[in-house]
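The values are calculated or read from the model by the stated rules, or taken from the named source; none is laboratory data. Quantities reported herein were computed from a predicted structural model and do not represent experimental measurements. Cβ coordinates were reconstructed from backbone atoms using ideal geometry, including for glycine residues, and neighbour counts include every protein chain displayed.
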């Protein structure tokens with residue numbers, strides 16, 4: 001089998017969706033003639049930990065580890081809570097504290113492209129011997145953190161190897177960049193590094209058509225969309241007795257669904273049966289502004305904050321929920337963001353209420369595969385109509401999801417696509 005070196009930052013016991021993509025690719029690559037060797041940091045500072053994912057790492061996979069210097073660990077001496085929050089992607093947009101402003105400025109302007117840049121040069125030096133000893137012909141870097149692509153860039157300059165850069169998220173066009181208080185120099189530096197990676201990599205993998213179009217305007221290199229997916233075989237479970245609406249994953253301030261809260265508030269006023277049956281479940285970190293909105297709309301007693309759940313727990317909650325909530329920031333910059341959770345929502349076979357910006361790829365997928373309904377943030381009337389229809393079907397025990405064509409998003413099918421591209 002051909003050996004492939006996968007260079008990643010997020011790896012079990014790290015939790016969250018960023019881990020799943022390459023954990024599953026590594027699982028299935030041997031089925032298509034590739035032997036993956038995985039290189040990850042030895043002492044990372046992961047904002048989320050899920051020890052259960054360690055059990056999913058294939059036993060026969062060679063994993064290489066080297067120490068990493070983590071600035072987030074140093075910054076936590078000033079404020080552990082704020083540092084962890086920022087490293088998790090929860091950036092307060094309204095009235096940030098002085099310390100938060102300082103941490104964001106340092107993150108955006110002193111650590112370019114990101115806080116893991118100190119791992120780049122030691123990794124290039126270490127992996128030089130690995131490439132020679134293992135006879136590596138192909139390396140794959142996956143970001144964010146995008147500093148890992150600089151490891152690929154350094155190795156490509158030294159060796160006659162194929163380098164594939166995998167972008168789980170965009171780089172300079174990602175929404176949170178505008179919150180990093182970048183100087184003009186830092187902004188241009190990010191763009192230059194991004195362009196350098198896109199021009200020097202042999203092939204590029206992205207997770208959305210929007211990102212593919214964006215990158216193809218910069219580079220002529222072959223660019224392929226390979227989305228995230230689902231893997232787990234699910235057992236039959238009983239649905240919740242209550243009308244549960246569940247959102248999985250971090251609910252960032254920008255994703256705050258004001259139209260949804262308003263629709264829920266109005267339905268509570270107008271429909272006593274809806275009010276008695278309603279239960280909203282939020283699994284993951286919830287931003288302060290979101291919590292304030294829940295309070296302002298008088299919905300605190302209907303919302304259950306579940307905190308961080310293990311992947312196994314998430315799968316169970318998804319299957320048992322009456323309705324699954326999928327949210328994205330209402331901006332042009334997020335049209336191409338396809339949250340990894342959408343594919344596990346598909347697999348759960350529960351109806352999805354997707355709320356996001358005009359032209360949102362994920363929302364359009366919900367419509368295309370008949371997995372639920374896509375609404376725009378300001379369209380309170382449509383959101384309300386979807387919720388009421390779902391509730392009436394719930395009352396009649398007919399609330400089901402008859403999605404079509406989702407088999408293409410199974411992790412093994414996606415890995416086959418990746419193997420052919422390699």
- prompt: Pairs under 7 Å by beta carbon, first residue without any contact (Cβ under 8 Å) to a residue 60 or more places away in the chain and not assigned by TED's automatic domain parsing to the domain that holds residue 47 in the range 303-318, partner surrounded by fewer than 18 Cβ atoms within 10 Å (Cβ to Cβ) and assigned to a strand (DSSP E or B), six or more apart or different chains?
  reply: 304/279
- request: Please specify each residue of the range 120-136 satisfying the condition of being more than 18 Å from residue 3 (Cβ to Cβ) and touching a helix residue (DSSP H, G or I) at 6+ places or on another chain (Cβ under 7 Å).
  value: 120, 124
- prompt: Of these, 153, 148, 127, which one is over 17 Å from residue 196 (Cβ atoms), surrounded by 15 or more Cβ atoms within 10 Å (Cβ to Cβ) and in contact with a strand residue (DSSP E or B) (Cβ under 9 Å, 6 or more places away or on another chain)?
  reply: 127
statement: Exactly one of 358, 334 is surrounded by fewer than 20 Cβ atoms within 10 Å (Cβ to Cβ) and more than 18 Å from residue 242 (Cα to Cα), and that residue is 358
query: In this structure, is residue 353 more than 19 Å from the chain's Cα centre (by Cα), at negative phi and in contact (Cβ under 8 Å) with a residue 60 or more places away in the chain?
result: no
- request: Just need a number here: residues in the range 386-422 that are within 19 Å of residue 243 (Cα to Cα) and touching a residue at least 60 places away in the same chain (Cβ under 8 Å).
  value: 7
- prompt: Looking at this structure, is residue 58 part of a strand (DSSP E or B), modelled with pLDDT of 90 or more and farther than 28 Å from residue 107 by Cα?
  reply: no
query: Residue check, residue 369 against (1) buried (at least 18 other Cβ atoms within 10 Å of the Cβ); (2) modelled with pLDDT of 95 or more; (3) in contact with a strand residue (DSSP E or B) (Cβ under 7 Å, 6 or more places away or on another chain); (4) over 19 Å from residue 280 (Cα atoms), all met but one. Which one?
result: (3)
message: Among the residues of the range 104-124, what is the count of those that are part of a helix (DSSP H, G or I), under 23 Å from the mean Cα position of the chain (by Cα) and buried (at least 21 other Cβ atoms within 10 Å of the Cβ)?
response: 3
field: Positions within the range 229-238 being more than 28 Å from residue 359 (Cα to Cα) and either over 24 Å from the mean Cα position of the chain (by Cα) or outside any loop (DSSP other than H, G, I, E, B) (or both), in sequence order
entry: 235, 236, 237, 238
- request: Can you work out which of the residues in the range 276-295 that are in contact (Cβ under 8 Å) with a residue 12 or more places away in the chain and assigned to a helix (DSSP H, G or I) is surrounded by the fewest Cβ atoms within 10 Å (Cβ to Cβ)?
  value: 288
task: Go through (1) in a helix (DSSP H, G or I); (2) modelled with pLDDT under 75; (3) touching a helix residue (DSSP H, G or I) at 6+ places or on another chain (Cβ under 9 Å) and name the single condition residue 96 misses.
output: (1)
task: Out of 395, 322, report the one residue that is in contact with a helix residue (DSSP H, G or I) (Cβ under 9 Å, 6 or more places away or on another chain), farther than 17 Å from residue 209 by Cβ and surrounded by fewer than 19 Cβ atoms within 10 Å (Cβ to Cβ).
output: 395
- prompt: If a residue has to be surrounded by fewer than 19 Cβ atoms within 10 Å (Cβ to Cβ), in a loop (DSSP other than H, G, I, E, B) and at pLDDT 95 or above to count, how many in the range 174-228 make the cut?
  reply: 8
- line: Note on the range 137-168: residues out of contact with any helix residue (DSSP H, G or I) (no Cβ under 7 Å at 6 or more places or on another chain), assigned to a loop (DSSP other than H, G, I, E, B) and in contact (Cβ under 8 Å) with a residue 24 or more places away in the chain are 137, 144, 145, 146
